[in-house]
Amino acid sequence: MAARRQRLYINVDHVATLRQARRGTEPDPVAAARMCEDAGADGITAHLREDRRHIQDDDVRRLATQVRTVLNLELAATPEILAVAARLRPPPFQATLVPERREEITTEGGLDVARDPDGLREAIAGLKRAGVRVSLFIDPDQDAVRRSRALGADAVELHTGRYANHPGDPEALAALRRAAAAGRDAGLAVHAGHGLSVANVAAVAAIPEIEELNIGHAIVSRAVFVGLFAAVREMRAAMDAARRE
Ligand code: PXP
């Protein structure tokens, strides 16, 4: 049995995607964040992309003051976005550094932690000086886990995209298990996310070292049919059931 309740952080980006379809004010990702918290979310995640395709600077400012649980800000380690993060009051509880390419539909792979280690180390140190816990979004690879530790990260978020896209591929799950164990052995907190849904979350929720899941698209999609509160409760129940088994 997997020990300890796993945290559920909900990514509200796609509430903002719907709003940006009309460049209006509805639906408001901050109001959605409140409802997610009412339904039992342990944290709220938002990705301020360089192209501002969904979450806007003002959303991040409002989330920083209005989130009652904790805010996990996803960001690329670029000077412009790091400067926005540095101005937030209060600072976010956590920052997750992600790779970003303008032409991608969503974050496609993990951060290449071997490329520009000095730049990454500096970005991590700057965030930590501001009191922010730093997580790196990486592919489930043991070497990337160890490098993350060497760069000074507090946590790694393991990219579950390959598992989500190929749920029948035993190697995808095995890689997540190995990377999660490597994270624990390196003294890092281990998170996971990308492409998780009620249908596929169980195997990842059952990995004992993974203490936090970041889930967005599947919950917002399900909310169209059952409402956001119910969609969050469904995910929470699926995670808890997997953790009990
Ligand atoms: N974690 C990270 C680092 C991400 O970039 C994303 C997607 O924005 C997620 C988790 C959530 O992925 P999904 O929306 O597929 O649940």
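Quick note: the coordinates plus some simple rules give every number you see, no bench work behind them. Please read all numbers here as calculations on a predicted model, not as lab measurements. All Cβ positions, glycine included, derive from the backbone under ideal geometry; neighbour counts span all protein chains shown.
Using DSSP to define loop residues, name the trypsin sites (Lys or Arg not before Pro) in region 77-121 whose beta-carbon has at most 14 other beta-carbon atoms within 10 Å. Sparse-neighbourhood loop trypsin sites (Lys or Arg not before Pro): ARG101, ARG102, ARG115. In order along region 72-78, the Karplus-derived 3J(HN,Hα) couplings, from 6.51 cos²θ - 1.76 cosθ + 1.60 at θ = phi - 60°, round to 10, 8, 8, 7, 7, 7, 10 Hz, and Gly and Pro are given as x.
To the nearest 20 Debye, how big is the dipole of the chain about its Cα centre, given +1 on the beta carbon of each Lys and Arg and -1 on that of each Asp and Glu?
On the way: 34 positive and 35 negative charges, 132 e Å.
Here the size comes out at about 640 debye.
Close amide H contacts of THR45 (hydrogens built in the peptide plane, cut-off under 5 Å, sequence separation of 5 or more or a different chain): ILE10, ASN11, VAL12, ASN72.
In whole Å and largest first, what semi-axes does the C-alpha gyration tensor of the chain yield when each eigenvalue is scaled by 5 and square-rooted? Provide the component values of the computation, followed by the final result.
Values: eigenvalues 119, 110, 51 Å².
Equivalent-ellipsoid dimensions as semi-axes: 24, 23, 16 Å.
Using the Karplus relation 6.51 cos²θ - 1.76 cosθ + 1.60 with θ = phi - 60°, the per-residue 3J(HN,Hα) values for region 167-177 come to x, x, 8, x, 5, 5, 6, 4, 5, 4, 5 Hz, with x marking Gly and Pro. By other beta-carbon atoms within 10 Å, ranking MET235, MET35 with the fewest at the front produces MET35, MET235.
Trypsin sites (Lys or Arg not before Pro) within region 12-64: which are DSSP loop residues with at most 15 other Cβ atoms inside 10 Å? Walk me through the numbers on the way to the answer.
Working: sites: ARG19, ARG22, ARG23, ARG34, ARG49, ARG52, ARG53, ARG61, ARG62; in loops: ARG22, ARG23, ARG49, ARG52, ARG53.
Loop-located and lightly packed - ARG22, ARG23, ARG52, ARG53.
For region 25-119, the fraction of C-alpha pairs more than 22 angstrom apart is 30%. Can you work out the Karplus-derived ³J(HN,Hα) for every residue in region 34-48? Use 6.51 cos²θ - 1.76 cosθ + 1.60 with θ = phi - 60°, whole Hz, and x for glycine or proline. Values per residue, Gly and Pro as x: 4, 5, 4, 5, 4, 8, x, 5, 8, x, 10, 10, 8, 10, 7 Hz.
Among the GluC sites (Glu not before Pro) found in region 92-142, those both in a DSSP coil and sparsely packed, with 11 or fewer other Cβ atoms within 10 Å of their Cβ, are GLU103, GLU104.
In whole percent, what relative contact order does region 188-233 give with Cα contacts below 8 Å and a gap of six or more residues? 38 percent.
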